[in-house]
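Shown next, in structure tokens, is the structure this report addresses.
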Amino acid sequence: MEALVLEPDLQLDLRDIDVPEPLGPHDVRIKIHIVGICGSDVHYYQHGRIGPFVVQAPMVLGHEAAGTVIETGAEVTTLSEGDRVCMEPGIPDPNSKAARLGIYNLDPAVRFWATPPVHGVLRPTVVHPEAFTFKLPDNVSFAEGAMVEPLAVGMHSATKAKITPGDVAVVTGAGPIGMVTALSALAGGCSRVVMTDVKQPKLDLAAGLGPITPVNVAHEDARAVIDGLTGGWGADLVFECSGNSKVAAGVFDLLCPGGCVVYVGMPGEPIAYDVVAAQIKEARVEHVFRYAHVYPRALALMGSGKIDVKPLITDTFDFAHSKAAFDFACDMPDTSVKAQITME
Ligand code: ZN
């Protein structure tokens, strides 16, 4: 099949590749319609590795996908041919201890699309387990369906934060994950999100998504804005989505006593944070790695209209121009959030 293949020498091109995919009894075969480009895909293209995961053999990129079921395994009961679906890209071992504990995202044996050595889905079809394939509500497009993967990270972060209705949250970093985390925090009951970044076009876009106060920390003081909104108390929740080590170390300055920090973005290097600053507020600190079974809730929020990801889909390329799409994603203008590739 023709696929977008990243070679170990970091050449990227559409080419024919053999991906054998027998259909098991609990699997469905899906025709792929749309694939979003994720920061991790771009990172593999630019660096050939993320942490311990190294591209050592040709690998198909892409893991944010939606499509149509075209074939069902003998024992599939919840999906049928023609169903519009999106897919969760990480498949754990169902018998692992992590899976049995309900934290299957932490299963060391998880097989995740476009994470070496597992192929991604920038290709015409894929075989996937029924249990990790989710029907799209009628009013949710394929493009929105392909946004469920990044949205799931925001949903998982909001869940970890244990939001109380009316909370004021800060989201540091207005990239795609910051945006979906802000949407999830609002859907989860936050009354307002203060969003910080240094790129004004991203903040302008965020400000149009809901009760979001943009703060350009290049020339504005985030703490002063938060004080104004909370009578000097501080933010109930801080979602660190920038991955910037200085920002990640400074989150406790923004937090209220008894508040919660969720580390979402991944800093490129270890960070040193002030434990005493966290202690004197008895800060609760959470960390997220991907997500576990939040697709149904994300789709329910999209279907009911409480979360609208459409403004985040800023750039669309066709499959024939996949490489150009990746070159664009390597150097995205500040006005862009998410680029997607349509398969036809
Ligand atoms: Zn992603």
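The values are calculated or read from the model by the stated rules, or taken from the named source; none is laboratory data. None of these values were measured; they are calculated from a predicted model. As a convention, Cβ positions derive from the backbone with ideal geometry for all residues, glycine included, and neighbour counts pool all protein chains shown. When the accessible area is computed, the model is the full protein with side chains, heavy atoms only, and any ligands, DNA or RNA have been set aside. Shrake-Rupley method; radii C 1.70, N 1.55, O 1.52, S 1.80 Å.
Checking each residue in the stretch 151-168 for being open to solvent by less than 10 Å² (accessible area, probe 1.4 Å), within 13 Å of the ligand (Cβ to nearest atom) and either part of a loop (DSSP other than H, G, I, E, B) or closer than 14 Å to Phe289 by Cβ (or both) picks out Ala152, Gly154.
Is the stretch 41-50 home to any residue that is away from the ligand (no atom under 16 Å from the Cβ), open to solvent by 60 Å² or more (accessible area, probe 1.4 Å) and closer than 14 Å to Thr133 by Cβ? There is no residue in the stretch 41-50 that is away from the ligand (no atom under 16 Å from the Cβ), open to solvent by 60 Å² or more (accessible area, probe 1.4 Å) and closer than 14 Å to Thr133 by Cβ. Output the residues belonging to the stretch 45-69 that are over 23 Å from Ala329 (Cα atoms) and touching an Asp or Glu at 6+ places or on another chain (Cβ under 6 Å). Result: Val69, single match.
Here the stretch 316-330 is the region considered, the condition is being out of contact with any Phe, Trp or Tyr (no Cβ under 7 Å at 6 or more places or on another chain) and open to solvent by less than 30 Å² (accessible area, probe 1.4 Å), and the residue that is farthest from Asp204 (Cα to Cα) is Phe319. Suppose the filter is away from the ligand (no atom under 16 Å from the Cβ), over 14 Å from Pro129 (Cβ atoms) and surrounded by 12 or more Cβ atoms within 10 Å (Cβ to Cβ); does Ser80 pass it? Considered against the rule, which asks whether it is away from the ligand (no atom under 16 Å from the Cβ), over 14 Å from Pro129 (Cβ atoms) and surrounded by 12 or more Cβ atoms within 10 Å (Cβ to Cβ), Ser80 comes out as no.
Residues that are open to solvent by less than 50 Å² (accessible area, probe 1.4 Å) and in contact with a Gly (Cβ under 8 Å, 6 or more places away or on another chain) were ranked within the stretch 265-277; the one that is farthest from Ser157 (Cα to Cα) is Pro267.
Being assigned to a loop (DSSP other than H, G, I, E, B) and β-branched (Val, Ile, Thr) is the filter; apply it to the stretch 86-130 and report the residue that is farthest from Ile34 (Cα to Cα). Let's see the steps before the verdict.
So in the stretch 86-130, the residues assigned to a loop (DSSP other than H, G, I, E, B) come out as 88-89, 92-96, 102-103, 107-110, 113-124.
With the extra rule that they be β-branched (Val, Ile, Thr), the set shrinks to 103, 110, 115, 118, 121.
Working: Ile103: 28, Val110: 23, Thr115: 19, Val118: 19, Val121: 9 Å.
Residue satisfying both the conditions and the ranking: Ile103.
Take Val55 and tell me if it is open to solvent by less than 70 Å² (accessible area, probe 1.4 Å) and within 13 Å of the ligand (Cβ to nearest atom). No. Against the conditions (1) of a type outside the set (S, T, N, Q); (2) open to solvent by less than 20 Å² (accessible area, probe 1.4 Å); (3) within 16 Å of the ligand (Cβ to nearest atom), Gly234 satisfies every one except (3). Against the conditions (1) more than 16 Å from the ligand (Cβ to nearest atom); (2) open to solvent by less than 30 Å² (accessible area, probe 1.4 Å), Gly62 satisfies every one except (1). Filtered by the rule that a residue be surrounded by 14 or more Cβ atoms within 10 Å (Cβ to Cβ), assigned by TED's automatic domain parsing to the domain that holds Lys160 and assigned to a helix (DSSP H, G or I), the stretch 278-310 gives a lone residue, Ala278. Counting the residues of the stretch 238-263 that are open to solvent by less than 10 Å² (accessible area, probe 1.4 Å), within 19 Å of Phe289 (Cβ to Cβ) and outside any helix (DSSP H, G or I) gives 6. In the stretch 1-11 there is at least one residue that is within 16 Å of the ligand (Cβ to nearest atom) and either modelled with pLDDT of 95 or more or surrounded by 14 or more Cβ atoms within 10 Å (Cβ to Cβ) (or both). Scanning the stretch 65-77 for residues that are surrounded by 19 or more Cβ atoms within 10 Å (Cβ to Cβ) and farther than 20 Å from Asn139 by Cβ yields Thr72, Val76. Are any of the residues in the stretch 218-230 crowded, with 20+ Cβ neighbours inside 10 Å and touching a Phe, Trp or Tyr at 6+ places or on another chain (Cβ under 9 Å)? Within the stretch 218-230 (the criterion being crowded, with 20+ Cβ neighbours inside 10 Å and touching a Phe, Trp or Tyr at 6+ places or on another chain (Cβ under 9 Å)), the answer is yes, since at least one residue qualifies. Of all residue pairs spaced 6 or more apart or on separate chains, those with beta-carbon atoms under 9 Å, a first member in the stretch 193-211 that is in the same structural domain as Gly234 (by TED's automatic domain parsing) and in contact (Cβ under 8 Å) with a residue 12 or more places away in the chain and a second member that is part of a loop (DSSP other than H, G, I, E, B) and among the β-branched types (Val, Ile, Thr) are Thr196/Val217; Asp197/Val217; Val198/Val217; Pro201/Thr335; Lys202/Thr335; Lys202/Val337; Leu205/Thr335; Leu205/Val337.
Residues that are among the small types (Gly, Ala, Ser), within 16 Å of the ligand (Cβ to nearest atom) and either out of contact with any Cys (no Cβ under 6 Å at 6 or more places or on another chain) or not assigned by TED's automatic domain parsing to the domain that holds Pro117 (or both) do not occur anywhere in the stretch 23-32.
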